[in-house]
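Comments concern the structure below.
The values are calculated or read from the model by the stated rules, or taken from the named source; none is laboratory data. Since we're looking at a predicted model, the values are computed, not measured. Note that we place each Cβ from the backbone using ideal geometry, even for glycine, and neighbour counts take in every protein chain shown. Each accessible area value is taken on the protein alone, full model and side chains, heavy atoms only, with ligands, DNA and RNA left out. Shrake-Rupley method; radii C 1.70, N 1.55, O 1.52, S 1.80 Å.
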Amino acid sequence: MKWTYDWLKDYLETNASADEIADTLTRIGLEIDDVITPVVPIAAKIIECKPHENSDHLHVLMVDDGTGTPRQVVCGAPNARVGLISALAVPGCIVDGHEIQSGKLRGVLSNGMMCSEKELGLSDNHDGIIELPEETVIGMPVLSAPTVFEAGITPNRPDYLAVRGIARDLAAAGLGRYTGKGNGTVVDTNTGRNVDIKTDKCMIYRMAEIHDIKMAASDDTVTRRLRAIGINPKNACIDATNYICFDRGQPMHCFDADCVSGDITVRMAAPGETFTDLFGAEHTLHSSDIVITDDKGILALAGVIGGARGMTTDDTKNIILESAYFDPVSVRKTSKRLGISTDASYRYERGIDPTISDQALADALKMIQSTCGGQVVAIKTAGEVEAERPVVDYSPESFAKKMGIDVPADVQTQILTSLGYTIEQHKNDWRVFPPRRRVDVEIAETVIADIARIYGYDKIAAAAVHRPANPVAPHPDHALDIKRALAARGLNECRSYAFGNSKTEKLLSDHTPVMVANPIVSDLDTARGDLMGGLLQAVSNNEKRGYPDLSLFELGTVFDGDTPGAQRTALAIVRTGATGPRHWAKRNRDVDIFDVKADIVSMLAGQKYTVATDNPPRWAHPYRYGRIMQGKKVIAEFGELSPIVARELRIKTRVCIATVADIENIPQRRAAKYIPAAEFPPITRDFAFITDAATHAGGIVGTAMSADRRIVDAVVFDAFDIGNGTKSIAFTITIQPDKNMTDTDLMEIQNAVIAAVEKKCGAQIRDK
């Protein structure tokens, strides 16, 4: 998007410089790519004129450009003579789309170019260089130099594709006052041809027909502004539609009325219908294309490009102006399928303000009639703008919850009002109506983002520095609470595409991939069935670049099928490499499966669990895997990545993984309560059991802890094979007494542990 400084000031009363405007726009969300102040031709006087020694029509001029040092210029104009004051384009000037440079012409250095009226864009006269009045000040610019802003527009802000939209946001940011002038409207007539809409892909279509115009060039302001933003002026009618497109963000089209037969109809194309555009290219249309037609056939592809028949030329006497709203999705499909991108399609694809078609038509009529004259013989409207306005339920208190800083409700009201929002009080909350040009505003988070960018991210960041952190307190949003808990454990969040790779998914699990009919790229051909694929790809990419030590997690939606409801929110954790950076005081160990197990256990809010190690999934190492269970319910899985899978994914580092199929399996944390210090000191007791070699230590430890409520912990400290298919497992239990305990009391607990383990696990207490 490009616009000029003087164009912006048509709607913004401000004394701010171009640099201040650029800085403010970048601060509030519109990143300025460049601010260009072009070099323009200056007045110069010819003080010497000699024939070129290698040409019969060129002259070698010495000109006074006001610097005190004569400049040599080679010129072929027949009217070049001593004493003439003309326009000099010095190197760096852009003339007729070309940058002037120093160079030799027929072996003689030319340090600039003398310009004609046509080259200056003043007229079509190219018979010689322009002759300026004798009183012209030497060295002064002969044209105004419009400062041009260039910005990249994000898809969610189509209102920035209009100069007025940019002016509104600058005014809201406190950089001036928005004038909002030029909001005329049109009224339908009872005469002339009619308009008929036969598709729901066109909300409203307005048409105005003007007769007896005298085609002429646009005025200097329009011509200069269009030329500055890279649009070559044609004539007043076409220029008006281009100007309104950038001024209001409303694309328009101009037909030669004498080439239009009968009424205008907006409909969907018939499959196989052909259409020739204004550049002469022929297209075969689909039923998803919107077309503008008359009695003879197609006049234009709605929202994309006009047709060869009905094209406006310099000989046109009667015109039809179109101002309409077309469905963004339909326009985008047509534009992408045919490979045609225009200023109109660029705006329609993103969504335009549906309420300004009459204002845009009124502006265009005024511009054309002021230059070309003519009489309006018909104004017709078909369709209507939906009366129901988008509404967002919003609570002023939610800003502090999302952004971490409290902004008073009256300040929020002032910001939203300045951006064009309407606010209605609804009980203790607000009903916020965004302006119709803001088609991106559908949820409360967008409202918060608007308040934040105008209020100032710098203020929010400064307040955050002084705000005490409380990483332990639970958040009402369960997913965010999990993220905060994992971040507090040193894990970094990873965000990947919601698509997966079918080969990788088949390598990791038995899940049947949910295939995507039209994948964006061939490597992302499924709706992902798990989060491991994306995380392992991140591990592989980081390892290739010399970063093998990673602690990552991702929380996101995965898909079990292609029907509504066949999705869930899963969690995956990946740890690789060393547990920390190298240090002179200690040796770092590599991560193991107990690190990722601890990540999961930390979120269980102290609840008891058991571990099973049978039937490892395809991705897991067959002997380094476990499932965290509560009864028969699987809470999570953890393990080391299978060497076979690692080799296929070209990963050399040890990878430890933990997965939660659905975060609803993780209990929501509650606010921490004060627990007084224990009145009695803890007591430990050691046990050693002989059991079958296939028995898992986790089962024995879990059984021991369930023997008595006062047992608060159990840790294995020794395990070894003793032959004959048996092994020894030794562990320590921690008892937290609730009274003065006697030896008899302790013996009862010990006997309960022995009985439980021997009965449930088939183990035998070691007697020595």
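Using only the C-alpha atoms, the convex hull of region 506-574 corresponds to 99 Å³ per residue.
For region 430-443, the Karplus equation 6.51 cos²θ - 1.76 cosθ + 1.60, evaluated at θ = phi - 60°, returns couplings of 10, 10, 9, 9, x, x, 5, 6, 8, 6, 7, 8, 10, 10 Hz by residue, with Gly and Pro reported as x.
Can you tell me, using C-alpha contacts under 8 Å and at least 6 residues apart, the relative contact order of region 575-640 as a whole percent? Mind dumping the intermediate values first?
Working: 77 pairs, mean separation 17.1, N = 66.
It comes to 26 percent, rounded to a whole number.
Label separation (ASP23 vs ARG618): 5.8 nm, computed from points 7 Å beyond Cα along the C-beta direction. Taking a quarter of the surface of the Cα convex hull of region 323-374 gives a mean projected area of 4.3 nm². Note down the Stokes-Einstein diffusion coefficient of region 120-273 in µm²/s, whole number, using a Kirkwood radius over alpha carbon pairs, 25 °C, and 0.890 mPa s. The estimated diffusion coefficient comes to 123 µm²/s. All C-alpha to C-alpha distances of region 602-697, sorted into 5 Å bins beginning at zero, yield P(r) values of 2, 10, 15, 15, 15, 15, 13, 9, 5, 2, 1, 0 percent in whole numbers. Scaling the Cα radius of gyration of region 187-339 by the globular reference 2.2 N^0.38 Å produces a ratio of 1.03.
Please report the projected area of region 665-737's Cα convex hull averaged over all directions, in nm².
Values: hull surface 27.5 nm².
Seen from a random direction, the Cα hull of region 665-737 projects 6.9 nm² on average.
Using C-alpha pairs below 8 Å separated by at least 6 residues, the relative contact order for the chain is 8 percent. Accessible area ranking (1.4 Å probe, heavy atoms, ligands and nucleic acids excluded), largest first, for ARG225, ARG193, ARG685: ARG685, ARG193, ARG225. Across the accessible surface of region 87-132, with the other protein chains kept in place and a 1.4 Å probe, carbon and sulfur atoms take up 44 percent. Tell me, what % of the accessible area of region 673-768 is carbon and sulfur with a 1.4 angstrom probe? The C+S portion of the solvent-accessible surface of region 673-768 is 53 percent. Hydrodynamic estimate: the Kirkwood radius of region 386-542 over Cα pairs, inserted into Stokes-Einstein at 37 °C and 0.692 mPa s, corresponds to D of 170 µm²/s. How far is the Cα center of region 358-423 from the Cα center of region 504-561, in Å? Result: 42 Å between the Cα centres. For every helix of n ≥ 4 consecutive DSSP H residues, a contribution of -39,500 (n - 2.57) applies; sum these over the chain, divide by its total residues, and give [θ] at 222 nm rounded to the nearest 500 deg cm²/dmol. Using -39500 (n - 2.57) per qualifying helix, the result is -7500 deg cm²/dmol. Relative contact order for region 308-394: 27 percent, from Cα pairs under 8 Å spaced at least 6 residues apart, divided by residue count. Accessible surface of region 540-589, 1.4 Å probe: 50 percent of it comes from carbon and sulfur atoms. Region 267-327 has equivalent-ellipsoid semi-axes of 20, 14, 10 Å, by the square roots of 5 times the alpha carbon gyration tensor eigenvalues, sorted largest first. Taking the Cβ-Cβ separation of ASP458 and ASP767 as r and a Förster radius of 51 Å, what is the calculated FRET efficiency to the nearest 0.05? Efficiency at R0 = 51 Å is approximately 0.10.
Projecting label points 7 angstrom from Cα along Cα→Cβ for GLU664 and ASP590 puts them 3.9 nm apart. For LYS333, the lysines whose Cα falls under 17 Å of its own Cα, not counting residues fewer than eight places away in the same chain, are LYS201. Per residue, the Cα convex hull of region 540-641 amounts to 157 Å³. The heavy atoms of GLU135 offer some 150 square angstrom of accessible surface to a 1.4 angstrom probe.
At 25 °C and 0.890 mPa s, what whole-number value in µm²/s does Stokes-Einstein give for the translational diffusion of region 714-768, with Rh from the Kirkwood sum over Cα pairs? The partial results should precede the final answer.
Numbers: Rh = 13.0 Å.
Approximately 188 µm²/s, per Stokes-Einstein.
The share of Cα pairs per 10 Å bin across region 49-176, counted from zero up to the longest distance, runs 11, 34, 24, 13, 13, 5, 0 percent. Gain on full extension, evaluated as 0.36 nm per residue between GLU31 and LYS402 minus their Cα-Cα distance, stands at 131.2 nm. Checking the cross-link pairs LYS427/LYS459; LYS214/LYS234; LYS586/LYS608; LYS2/LYS402 against a 25 Å limit on the alpha carbon distance flags LYS427/LYS459; LYS586/LYS608; LYS2/LYS402 as lying beyond it. Rolling a 1.4 Å probe across the protein heavy atoms gives the chain an accessible surface of 51 Å² per residue. Note on PHE399: accessible area is roughly 0 Å² with a 1.4 Å probe, heavy atoms of protein only. For region 204-285, the extents of the C-alpha atoms along the principal axes are 44, 29, 26 Å, listed from largest to smallest.
So if I take the alpha carbon set of region 468-562, get Rg, then get Rh from the Kirkwood formula, what is the Rg over Rh ratio?
Values: Rg = 15.6 Å, Rh = 15.0 Å.
Computed over Cα atoms, the ratio is 1.05.
Heavy-atom accessible surface of ASP590, to the nearest 10 Å², is about 90 Å², with a 1.4 Å probe and all protein chains retained.
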